[in-house]
């Protein structure tokens, strides 16, 4: 296991973009640190419209959670309906991949009219998915 840095994360992103070349429209992760240590922020995962509903989003999430487990880091994301996806559907999708809703999510910035909920995935120790 190597230390997680943005460069290591960028290599992982590149690997997934190559593997899912005609499936992933966009995928963006950021390596971040807080008072609890290092974590990954899932900025964006976008599957091409023609590939939605075929399990590719779940496949990418499986690989991302395995990567987080390997590096023993959390994954944080913010659910938003800014792009038109129902928040309940997003909550269900990420929930089935081990994310939990954080109850004390800050309110949206003034002027934002969309919902915003924080979810976190906690790494599974000694779990070898890859």
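The values are calculated or read from the model by the stated rules, or taken from the named source; none is laboratory data. Because the structure is predicted, anything quoted here is derived from the model rather than measured. Every residue, glycine among them, receives a Cβ derived from its backbone with ideal geometry; neighbour counts consider all protein chains shown.
For segment 56-99, filtering for residues that are under 20 Å from residue 31 (Cβ atoms) and not in a helix (DSSP H, G or I) leaves 10. When segment 81-100 is limited to residues that are closer than 21 Å to residue 59 by Cα and modelled with pLDDT under 90, the one that is surrounded by the most Cβ atoms within 10 Å (Cβ to Cβ) turns out to be 90. Looking at segment 10-53, which of the residues that are free of Cβ contacts under 8 Å to residues at least 12 places away in the same chain and part of a loop (DSSP other than H, G, I, E, B) is farthest from the chain's Cα centre (by Cα)? Checking each candidate, the answer is 35.
When the residues of segment 103-130 are filtered to those that are out of contact with any helix residue (DSSP H, G or I) (no Cβ under 7 Å at 6 or more places or on another chain), surrounded by 13 or more Cβ atoms within 10 Å (Cβ to Cβ) and assigned to a loop (DSSP other than H, G, I, E, B), which remaining residue is modelled with the lowest pLDDT?
Pass one, segment 103-130, residues out of contact with any helix residue (DSSP H, G or I) (no Cβ under 7 Å at 6 or more places or on another chain): 103-114, 116, 118, 120, 122, 125-126, 128.
Right, trim to surrounded by 13 or more Cβ atoms within 10 Å (Cβ to Cβ) and you get 105, 108, 116, 118, 120, 122.
Restricting the remaining residues to those that are assigned to a loop (DSSP other than H, G, I, E, B) gives 105, 108, 122.
On the way: 105: 53, 108: 49, 122: 95.
Top of the filtered list is 108.
The residue of segment 42-55 that is nearest to residue 24 (Cα to Cα), among those that are surrounded by 15 or more Cβ atoms within 10 Å (Cβ to Cβ) and in contact with a strand residue (DSSP E or B) (Cβ under 7 Å, 6 or more places away or on another chain), is 47.
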